[in-house]
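Enquirer: Could you have a look at this structure, given as structure tokens, before my questions?
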Amino acid sequence: MCPGVGKTYAMLEAAQLELKNGRDIVVAYIETHGRKETDALTDGLPLIPRITYEHRGLVLKEMDLDAVLARHPELALVDELAHTNAPGSRHPKRWQDINELLDAGVNVFTTLNVQHLESRADTVRQITGAEIRETVPDSLLDTAELELVDLPPVELVTRLQQGKVYMAERAVSAVQNFFREANLTALRELALRLVADHVSVDTQGFHRIQAGAGPWKTGHRLMVAISASPLSDSLTRWTRRMADSLKCPWLAVHVEQAHPLLELAQSRLEQNLALARSLGAEVIDTADENLARGLLRVARQNNVSQIIIGKPAASAFFEWFRVSKLLRQLMQESGDIDLQIVRAEKTGMVKESRRWHWRPSSNWKQYGIAALALALVGLINAVLMPMTGPRVPGFVFLLAVVLLALFLGRGPMLFAGAVSALAWDYFFLPPRFTFIITSTEDGVLFGLYFVVAIVLGQLVARIRAQELAERHREERATALYHLTREFAQAGSRDEVVWQLVAEVNRVFRANAAVVMPGKNSLAVHPDSSLVLTDKELHVAEWAFLNRQAAGRFTDNLPGSTALHLPLMTERSVAGVLSVCFPENKLPLVRRDLLEAYARQAALVLDRIALRAVGEQSKLVAESERLSNGLLNSISHELRTPLAVITSASGTLAESKQNRSAFDCQLATEIQEASGRLNRLVGNLLEVSRLESGHVRPNLDWCDIGELIQLTVHSLDRELSGREIKLEITEEIPLARLDFTLMQQALSNLILNAVAHTPSGAPVLVQARHEQGWLVLTVADEGPGLPQELLPRIFDKFIRAPGAPTGGSGLGLAIVKGFVEAHGGQVSAGNRPGGGAVFTIRVPQNKAPPLKSYYEPDP
């Protein structure tokens, strides 16, 4: 609820418990304020040293964010969530540091007072009278787990008086001001309500899961009207609190009108919209000359149930009249949409900003032009007066006012209308050179002239302002259309970058650079018009890695001289657009247009990347098809002559009459070579079967001992002179598998072990049943497998360095295919004592029909 209740102490207690449970935890930033009992709780907790910044002769210590990210603990302790970082830090606020930690996968314990929550700040200000300058957006807590650290107000006041919170002098002042018991009670209620609302959301989700139901749909959707008024921030916070209580989404809508805003009002509007975004609103910016109809149009398009609008202030008549007119129109045309009229809270800052300061909407040059034009028209009227009489000059003045409205602003037009009416009365209406009107007819004519001149001038000025606003919107739409048209014609990444940089230079009159990933790091594209220093390149790299805008006009590394926008889609980040603006401010409209440029460029770059991947995939598929066809053709063509060679060599080897020993040796070598070639052709055929998807295991109950013994027996010639160790678990049950496929997989593993180990080295074959899996292992005592080869060991045509000649590199790929056809897994690794080990795991989800086990020979 406030400082002094023991948040840091409670956080350290929770951290000590997590440390005992074996969690990887570090202290990133803790402020113990020199309290011994709090310092004692940091014992045993790894501490990240703080980083120092120098500002105006002061040395400030802050959390070292980069060090915490490099350490990457499972849990980091970061005290004082609402803290403002020292100038020069990566982020202005500590909650932004915590956001970066969360994005990097680091969990965080942190502390917060309810007064620093953005949506509760104005309520706390009403209660305590203190201005809250450090706030945290409510959206940050939406995914957090909250633990309330509670203390009765009486006990907290006692702690203050005992000097456990502040020093004695400061404690007395605190008790008399912020820490009054009534204030503490109200703050405690705020904290309790906040945590209770947060818990109720979790409880509702739990009940929905328990009931097996889908998500509940809410019938509420709120919309608050945002303007440049300093009271809009209060309305925004009120809407956020209401949305929290109703558990519903909410929108913040600004309706842009024709008349331009002054620089101060535009800046305040951008602040109000940024506040709404930070509080979790969906911000919509639309254009409409009729404010009420614009709001209702957006409300109906988004199924809004309630519109929140501010109550007109009685102290300002024109503002009250304008807002009252808006309310009447909303009530008449809202239909089924409810209206919430909220009294906006007036703070000292708001009161000061609402004081009336006259600022001309046009420069003094326009007023001078209006005065000069009226003087010239007056001279012309003086010439016409003897010929036309006193009434024609009035029409000439009216014509001048209408013409001036085509070129001047509203202020000069009001000035021209009033001055021309007075000049007509003073110089031309009898009695001349006085403001006295003796004729009723002249009086009516003068009054009508005055009204017509003012209204007509204002009407023309409004039409011109609307035309100017439409022109600006047309310019933005045209710029975006021109960019998309150029992008549509771009066929490569270089063309997209060139077009993007050229359009940014033309539309924004600013130098731009595109940073894109290279082989090892990010690099500036050669078509860029902006030269990035190493510092700016690091900022661009941060924007690329964190998928957030950074640099100038942002809250991330704001000390940068350029604005860096990531070119990202939902799938990936293609690069970073860096723009250096000569102006000190970036209006919201121009920022939105630049972000639209970045989004369009990202989509086009992503499309080009996908097209390249698709073309590569087609090339690989066609290559695979040709390769498979070639292998299939060769293997079938070799089968017939191989059969003849094998048969003839076998006959020669068996027929030893009238044969010399040399002839018999040649026949044996021919037979062995044809056997190897026959296995190669068989492997090629099996690979073709696997890739065509024609391998379907014929599952049946098999005796594992019999499988292993028959496999070893079939390899008698290849295993001559080798010791084959068999380790088969006693009472291993029957296994459900394809006997032929598994025998060939096991044969390939044994032959692989023989081929890659010295002559005479033993080969170990193991079999066991392990938690519903049949596990077969083939291990040797050779040199083992290179570590860099392990991820690709089961790929086709992969052979280990130094492997003996004669192999095809297909045996292990066939093993993998046969095992995966059973729904199993195969893996390779190195034994701790030396040598390679291959493990086959085949799932056994069914029990054998009979209690039959393998019994090894005695």
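The values are calculated or read from the model by the stated rules, or taken from the named source; none is laboratory data. In this text the structure is predicted, and so the values were computed from the model without any measurement. With ideal geometry, Cβ positions are generated from the backbone for all residues, glycine too; neighbour counts draw on all protein chains shown. Note: areas computed on protein heavy atoms with side chains; ligands, DNA, RNA excluded. Shrake-Rupley method; radii C 1.70, N 1.55, O 1.52, S 1.80 Å.
Enquirer: Hey, what angle do you get for helix 811-821 against the long axis of the chain, alpha-carbon based, 0 to 90 degrees rounded to 10?
Expert: So the helix axis and the longest Cα principal axis differ by about 70 degrees.
Enquirer: Can you give me the Cα centroid spacing of region 229-298 and region 448-469 in angstrom?
Expert: What the calculation gives is 29 Å, centre to centre.
Enquirer: On to the next question. Calculate, in nm to one decimal, what W364 and I380 gain on full extension: separation in residues at 0.36 nm each, minus their alpha carbon distance.
Expert: 3.3 nm
Enquirer: How would you classify region 226-311 from its alpha-carbon gyration tensor, with a ≥ b ≥ c the square roots of the eigenvalues: rounded for a/c under 1.5, else prolate if a/b is greater than b/c, otherwise oblate?
Expert: Judged from the Cα gyration tensor, region 226-311 comes out oblate (a/c at least 1.5, b/c at or above a/b).
Enquirer: Any idea which of L399, L456, T434 is furthest toward the positive side of the dipole for the chain, if Lys and Arg beta-carbons carry +1 and Asp and Glu beta-carbons -1?
Expert: It is T434.
Enquirer: I'd like the accessible area for E475, computed on protein heavy atoms only with a 1.4 Å probe and all protein chains in place. Round to 10 Å², please.
Expert: The accessible area of E475 comes to roughly 100 Å².
Enquirer: While we're here: Before I look further, what does region 484-564 give for accessible area per residue, probe 1.4 Å, in whole square angstrom?
Expert: 50
Enquirer: Additional query: Considering only the chain, what is the antiparallel percent among its DSSP beta bridges, to the nearest 5?
Expert: Around 60 percent of the beta bridges assigned by DSSP in the chain are antiparallel ones.
Enquirer: Taking the full set of protein chains and a 1.4 angstrom probe, give the accessible area of H72 in square angstrom, rounded to the nearest 10.
Expert: Its heavy atoms expose roughly 90 Å² to the probe.
Enquirer: If each DSSP helix of 4+ residues adds -39,500 (n - 2.57) and the sum is divided by the residues in the chain, what number results at 222 nm, nearest 500 deg cm²/dmol?
Expert: Value at 222 nm, helices only: -17000 deg cm²/dmol.
Enquirer: Considering only protein heavy atoms and a probe of 1.4 Å, how much of the accessible area of the chain is carbon and sulfur, as a whole percent?
Expert: 56
Enquirer: Now a separate question. Using a basic spin-label model with each label point 7 Å from the Cα along Cα→Cβ, how many nm lie between A612 and R571?
Expert: With each label placed 7 Å out from Cα toward Cβ, I get 1.3 nm.
Enquirer: Between [x] 86, 63, 60; [y] 155, 79, 59; [z] 108, 76, 57, which entry matches Cα extents along the principal axes in Å as derived from the coordinates of this structure?
Expert: [y]
Enquirer: Taking a probe of 1.4 angstrom, what is the accessible area of E672 in Å², to the nearest 10?
Expert: 80
Enquirer: Long-range amide H contacts for F428: which residues qualify at under 5 Å (H placed 1.01 Å from N, peptide plane, sequence gap of 5 or more or a different chain)?
Expert: Placed amide hydrogens put F433 under 5 Å from F428.
Enquirer: Also: Taking amide H positions as placed 1.01 Å from N in the peptide plane, with prolines and chain starts having none, which residues 5 or more places from L567, or on another chain, fall under 5 Å of its amide H?
Expert: Residues meeting the criterion, in which the H sits 1.01 Å from N, are A574, G575, V576, L577.
Enquirer: Just list whichever of K20/K247; K7/K311; K725/K796; K519/K618 have alpha carbons separated by over 31 Å in the model shown. Walk me through the intermediate numbers first.
Expert: On the way: K20/K247 37 Å; K7/K311 39 Å; K725/K796 29 Å; K519/K618 24 Å.
Where the Cα-Cα span goes over 31 Å, the pairs concerned are K20/K247; K7/K311.
Enquirer: While we're here: Nearest 5 percent is fine: what portion of the DSSP beta bridges confined to region 1-125 is antiparallel?
Expert: 40
Enquirer: Sticking with this structure for a sec: So how far apart, in nm, are the two label points at Q271 and R590 if each is 7 Å from Cα heading toward Cβ?
Expert: 2.0
Enquirer: Subtracting the Cα-Cα distance from 0.36 nm times the residue separation, let me have the gained length for Q825 to E263 in nm, one decimal.
Expert: 195.6 nm
Enquirer: Ok, one more. For region 23-122, rounded, prolate or oblate, judged on the Cα gyration tensor with a ≥ b ≥ c (square roots of eigenvalues), a/c < 1.5 rounded, else prolate if a/b > b/c?
Expert: rounded
Enquirer: Further question on the same structure: Order the following by accessible area, largest value first: K585, K20, K365. Probe radius 1.4 Å; ligands, DNA and RNA are ignored. Mind showing how you got there, number by number?
Expert: Values: K585 115, K20 170, K365 150 Å².
Accessible-area ranking of K585, K20, K365, largest first: K20, K365, K585.
Enquirer: Figure the gain on full extension for A673 and S492 (residue separation times 0.36 nm, minus the Cα-Cα span) and round it to one decimal in nm.
Expert: Working: separation 181, 0.36 × 181 = 65.16 nm, distance 5.31 nm.
Fully extending the segment from A673 to S492 adds 59.8 nm.
Enquirer: Let me check something: with ligands and nucleic acids excluded, how do E289, E100 order by accessible area (1.4 Å probe), largest to smallest?
Expert: The most accessible residue leads, giving E289, E100.
Enquirer: Just report the Cα centroid separation between region 507-548 and region 114-133, whole Å.
Expert: Cα centres, region 507-548 to region 114-133: 41 Å.
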